[in-house]
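Only one structure is covered here, and it is reproduced in the block below.
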Amino acid sequence: MHKPIAVKYWLLEIIFYAAALALLPEGAAAAQNETFSQQALSPKIIQKIENNSWKVPSPIKLKDLAYLKITYFDFDGKSHTGEMIVHQKVAKEVLEIFQELYRAKFPIEKMKLIDDYGADDDRSMAANNSSAFCVRPLTGEKHGFSRHSYGLAIDINPLQNPYVKGKTVSPPAGKDYLDRTKSRQGMIVKGDVCYNAFVSRGWQWGGEWESLKDYQHFEK
Ligand SMILES: [Zn+2]
């Protein structure tokens, strides 16, 4: 009676290892494709952002900025590696935040430097691009720099999370997402994975401001 059972286990073991071997290469490749890295701005990146997202007068020096590569899932569940520039002092935690969003499969449509849209926030928002660093005045104000100018603000999925002040909605197509109780893919709501990833690290959410709502915006 013992022998047949032993043979059975032996066979099961072979089947198990064969299955594990068949699965391993794919899993290993997927892990290799994930990138969460930071580096100083390369000459090529500096050339790209100078007189675009970085311009004089700037409240920050180029050497205080970090260039990040970040893997994220899009709305179809496909992974991509995007790029983002933030203040070097928050680079590590921003990578941690996006690792949390990646693990939770929080969908992000695009993650390109705003320079790909001529450093024009309206164009970047209209393309539903998620981005961070850009020297610009406070939205709707004549004085003072926005936290984006320091690389200390990040906008996520502007279409699903528009900026709302009075009758102004940016991007304009974000009007479809003004009802914040109707939760849809890519929207940020209080207590969700995106909100928690930022707020637990001391970032403020524009969706909780009183005078206006900036649902796409987190700042430190
Ligand atoms: Zn913003």
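Every number in this text was worked out from the coordinates using simple rules, so none of it is lab data. Being a predicted model, the structure only gives us computed values, none of them experimental. Positions of Cβ are generated from backbone atoms using ideal geometry, with glycine treated the same way; all protein chains shown enter the neighbour counts.
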Filter the stretch 151-187 down to residues that are within 12 Å of the ligand (Cβ to nearest atom), of a type in the set (A, V, I, L, M, F, W, C) and part of a loop (DSSP other than H, G, I, E, B) and give me whichever is nearest to residue 203 (Cα to Cα). 152
Out of the residues in the stretch 171-198 that are touching an Asp or Glu at 6+ places or on another chain (Cβ under 9 Å) and aliphatic (A, V, I, L, M), state the one that is surrounded by the most Cβ atoms within 10 Å (Cβ to Cβ). 197
From the set of residues in the stretch 188-214 that are more than 18 Å from residue 111 (Cβ to Cβ) and among the aliphatic types (A, V, I, L, M), which is farthest from the ligand (Cβ to nearest atom)? 189
If I ask for residues that are in a strand (DSSP E or B) and either among the small types (Gly, Ala, Ser) or surrounded by 15 or more Cβ atoms within 10 Å (Cβ to Cβ) (or both), which ones from the stretch 61-82 would you list? 65, 66, 67, 68, 69, 70, 71, 72, 73, 79, 82
Counting only residues that are assigned to a helix (DSSP H, G or I) and buried (at least 16 other Cβ atoms within 10 Å of the Cβ), which one in the stretch 118-147 is farthest from the ligand (Cβ to nearest atom)? 126
Determine whether residue 150 is surrounded by fewer than 21 Cβ atoms within 10 Å (Cβ to Cβ), under 20 Å from residue 198 (Cβ atoms) and not acidic (Asp, Glu). no
